Amino acid sequence: MSEDGLARVNRGSLSWQTDVNIEFVPLLQIQRDLYRIPRGPERFSAYLKTMVTPEGTDVRLPPLVAMNPMAKDHVPTLLDSLLAIEAEATAADASIEAARQLDGSAGNFKLGLVVVDDLKGGWTNRYASEFFHRFEGPAAHKRGWLGAWIWSSEAPTLAAVREEVMGVVFRAAYVIEHGAALNLADMLAQEGHVMAMAGCSEPSLDAADLDYTREVLQPHLQATDLPTLIPCLFGDPAAHALGYPPQGLSHRAGLALALSEARLGARSPDSVPTMGRWYEKANLAEYR
């Protein structure tokens, strides 16, 4: 992201001149049907056959890369709940609503829901996986797909589905216009604006903790290494889970600060210590 881009996206605007056209593709029933096969080689073989092209040279349904094909019974139970509340109808409506808020011209995407097993999936660490989803997921954009993740550790709600789908669409639009986030400052700007656009109210911190978090993050705004980035974004619980040095931060402190400042900056950019002023102090960009 260029310095001009950093200055531009941190002046309180929560809209971008980008048009993302979405084709919603139902994937929940496909996942549920795979889990009807007993756990073992047969299920895994069916999973690969479903996900990969017949030639075996590419991924046909990229969102399914994130699923745990060998998950235990809690995942099919969650899928049953999502199907019962018609989560995909909400997801389809949310994708249309998000796309309507974006103007200009960009690319076309397919979008589908996938359950990600962070509860009992041995190969899924929530923080590492979520970091990938937020900041490295754009690699899947090259295949023309967006995946909206539903975490197995969280109770299924239509509100959560809506926020996730809108966030995925707005994130794709943001990356198309501003480029991939390269350092902590970029990541805070991206996720603050994406969450605000999606109407998120969480994560949140009280005023004192927000001020403390801002002070802690200031020296790390240009950081690019995972042992710094993940604790700064997700807090000390993530640091302890992954063996990274803790920063003395509350759970999801960096993301909470990013959302708070994006929301406040959109309403009154001259009355709060917005991200743009952080960049100015860090010699990354001019706020004005």
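Key figures
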read-out: Any hit, region 212-235, residues being under 17 Å from Arg126 (Cα atoms) and among the basic types (Lys, Arg); value: no
read-out: Selection from region 86-120 of residues that are surrounded by fewer than 19 Cβ atoms within 10 Å (Cβ to Cβ) and of a type in the set (Ser, Thr, Tyr); value: Ser105
read-out: Members of region 132-156 that are modelled with pLDDT of 90 or more, under 15 Å from Val116 (Cβ atoms) and assigned to a helix (DSSP H, G or I); value: Phe132, His133, Arg134
read-out: Test: Ala159 is surrounded by fewer than 23 Cβ atoms within 10 Å (Cβ to Cβ), in a helix (DSSP H, G or I) and without any contact (Cβ under 8 Å) to a residue 24 or more places away in the chain; value: yes
read-out: Filter pass, Met275 being at pLDDT below 95, in contact with a helix residue (DSSP H, G or I) (Cβ under 7 Å, 6 or more places away or on another chain) and not hydroxyl-bearing (Ser, Thr, Tyr); value: yes
read-out: Condition check for Leu83: crowded, with 19+ Cβ neighbours inside 10 Å and assigned by TED's automatic domain parsing to the domain that holds Leu119; value: no
read-out: Residue match in region 164-178 (condition: modelled with pLDDT of 95 or more, within 19 Å of Gly235 (Cα to Cα) and not acidic (Asp, Glu)); value: no
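The values are calculated or read from the model by the stated rules, or taken from the named source; none is laboratory data. All figures in this text were calculated on a predicted structure; none of them were measured in a lab. Cβ atoms come from the backbone with ideal geometry, glycine included; neighbour counts cover every protein chain shown.
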